[in-house]
Amino acid sequence: MTRTKLGLLGLCAVVLGMMAMSASSAQAALTWLILKEGKAVELKALLKGEVDTDTLASGDVTLLTHEVGIKFAVTCTGFELTGINLEAAGKLTTGGKVKFTGCEAYGKGILEEPLGCKVHSSGLGVGIVETLKGKGELVLHTLAGGGTEVLTKVEPEAGSTGTFASFLTEGCVIPEANPVHGALFIKDCSELTAEKVCVSKATTHLVKHLIVQGPLTSMWVGADTVEHLETSIDGSAWIKLAGLEHTGLAWGAMDA
């Protein structure tokens, strides 16, 4: 199975730190806007998501990583958002979680080599991995060639040095306990060129937005060693509004 790799790999920590500073400097000027019949709707608004099975045709969400000398992937076929809302001032709800389902481990980051692991979070069934409490906010990323793009920064509630999630494995070569740390920057990918290059529509008001891992992301599994440069999120997902008041409404980011 050939899979489109959208994860950003190989950025050094110094460059990531400098870029993250440029991203955060303008974040206060951004906010969410929901439209109903051309008028703004009051926040907050619940979010729901689904794995992308058509546009980029990945059909799953995968954590690709390298830990204690072992390259492997944890691939999940579904996910659900719990308690994550668009909030005022361009924020996402602090304390929200994501639950992934149908999770399996594969060697060398490809699907042809299942490792036979039982993958799960503590206290949950096999194949279920749930994040810990997180938080998020809109940030403005200054591009190297000029111009800017809007990203959404997501990290543990305690910040990027905290733990996103911790998954356990049983019966395979991967370490039994696997904490995931760092910060994930999400990029809008709601429009694609003929070559399937993402064109951001973060500031366009759409009923649903396609998202992928964006630049500035720095994540690692286990210890923060040089191996963390090989950790990324592969796959894409659709995000839309939920709840009686907001289902079916167009939304996006804008300058405050």
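A few remarks follow.
- Ranking of V180, V207 by neighbouring Cβ atoms within 10 Å, starting from the fewest: V207, V180.
- Relative contact order, percent, region 13-255 [alpha-carbon distance under 8 Å, six or more residues apart]: 23
- Using a Förster distance of 35 Å, the FRET efficiency for A89-S122 (Cβ separation, nearest 0.05): 0.55
- Calculated FRET efficiency for the pair T77/T55, C-beta based, R₀ 25 Å, to 0.05: 0.90
- Among G146, G123, G49: highest mean-square fluctuation, GNM of the chain, C-alpha pairs under 10 Å: G146
- Relative contact order, percent, region 128-200 [alpha-carbon distance under 8 Å, six or more residues apart]: 26
- Intensity falloff of the chain expressed as log10 I(q)/I(0), Debye formula with alpha-carbon point scatterers, at q = 0.07, 0.13 Å⁻¹: -0.23, -0.81
- Look at V41, V226, V98 and count the other Cβ atoms within 10 Å of each Cβ; fewest to most, that gives V226, V41, V98.
- Magnitude of the charge dipole for the chain, about its Cα centre and with charges confined to Cβ atoms of Lys, Arg (+1) and Asp, Glu (-1), is about 420 debye.
- When each of C189, C198, C172 is scored by the number of other beta-carbon atoms lying within 10 Å, the sequence from fewest to most is C172, C198, C189.
- Positive-end ranking of T231, T82, S166 along the dipole of the chain, with charges on Cβ about the Cα centre, is headed by T82.
- Listed residues A223, A194, A183, most fluctuating in the chain (Gaussian network, C-alpha, under 10 Å): A194
- Full-stretch length increase - T204, A144 - with 0.36 nm per residue and alpha-carbon distance subtracted: 19.3 nm
- T163-K39 pseudo-label distance in nm [points 7 Å out on the Cα-to-Cβ vector]: 4.8
- Trypsin sites (Lys or Arg not before Pro) within region 154-238, DSSP loop, no more than 11 other Cβ atoms inside 10 Å: none
- For region 200-247, the share of alpha carbon pairs falling in successive 5 Å distance bins from zero is 5, 16, 19, 16, 14, 11, 10, 6, 2, 0 percent.
- When the C-alpha to C-alpha distance is required to be over 24 Å, the pairs from K133/K196; K187/K208; K71/K91; K97/K208 that qualify are K133/K196; K71/K91.
- Modelled label reach - L192, point 7 Å along Cα→Cβ, region 218-248 residues with backbone N closer than 19 Å: 233-240
None of the figures in this text is laboratory data; all of them are computed from the coordinates on show. Please read these numbers as outputs of a predicted model, since none were measured by experiment. Because the Cβ atoms are built from the backbone with ideal geometry, glycine has one as well, and the counts that use them run over all protein chains shown.
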